[in-house]
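Data block below; observations after.
The values are calculated or read from the model by the stated rules, or taken from the named source; none is laboratory data. Quick caveat: nothing in here was measured; it's all calculated off a predicted structure. As a convention, Cβ positions derive from the backbone with ideal geometry for all residues, glycine included, and neighbour counts pool all protein chains shown. Ligands, DNA and RNA are stripped out before the accessible areas are found, and what is left, the full protein with its side chains, is counted by its heavy atoms. Shrake-Rupley method; radii C 1.70, N 1.55, O 1.52, S 1.80 Å.
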Amino acid sequence: MKPTLLILCLTAGTSLGASAQERIYRCGNEYTNTVTEAQAKTCKLVSGGNVTVVQGQKPAAAAPGVKVASAPPASSAPRIDSADQKAKDSDARLILEAELKKAEARQIELNKEYNNGEPEKLGPETRNHQKYLDRVSELKAALSRNESDISGIRRELGRLPGSSSKQ
């Protein structure tokens with residue numbers, strides 16, 4: 001009894017799988033499973049493999065009377081007065097010079113604390129040498145970062161028109 005039930009279930013499962021698989025026709029960039037449509041358009045039968053078709057959506061057309069913003073041509077870009085531009089340049093120079101002074105002051109502080117690679121040990125560092133080594137490496141990294149900041153600020157000052165920056 002059991003073998004016949006098993007055979008019956010297997011044949012039913014394979015027949016369901018075969019009926020679920022329909023013939024698919026390719027008509028250029030479109031696919032169809034309607035035989036009459038495929039014959040009318042002289043479509044080719046797709047054989048082997050599964051085909052997955054995802055329906056795309058066409059972009060919505062702009063409503064009539066709605067204008068899409070576009071960038072103005074470079075020739076019609078608004079001009080800045082030379083006096084305004086000079087004021088902006090002088091403001092930029094003042095800001096950069098202030099940043100340079102702060103960075104140079106920070107560099108002096110870091111150099112004092114670094115003490116040529118031998119900073120003074122703090123409380124917990126006397127018992128834990130690794131903490132001391134970590135702080136020394138952090139100071140060294142901060143020194144190099146600050147030095148690169150200073151060189152970047154000087155470079156920016158040099159790019160400003162009429163530059164007479166300290167090098």
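Brief remarks follow.
- Pairs where the first residue, in the stretch 133-162, is open to solvent by 50 Å² or more (accessible area, probe 1.4 Å) and the second is outside any helix (DSSP H, G or I), C-beta under 8 Å, 6+ apart: Lys140/Gly117; Arg154/Ser165; Arg154/Lys166; Arg154/Gln167
- Scanning the stretch 108-132 for residues that are open to solvent by 70 Å² or more (accessible area, probe 1.4 Å) and under 30 Å from Asp91 (Cα atoms) turns up Ile108, Glu109.
- Qualifying position, being at pLDDT 65 or above and surrounded by 10 or more Cβ atoms within 10 Å (Cβ to Cβ), among Glu22, Glu30: Glu30
- Subset of the stretch 99-141 [part of a helix (DSSP H, G or I) and more than 39 Å from the chain's Cα centre (by Cα)]: Lys112, Gly123, Pro124, Glu125, Thr126, His129
- Pick from the stretch 38-52, criterion among the small types (Gly, Ala, Ser) and surrounded by 10 or more Cβ atoms within 10 Å (Cβ to Cβ), ranking: modelled with the highest pLDDT: Ala40
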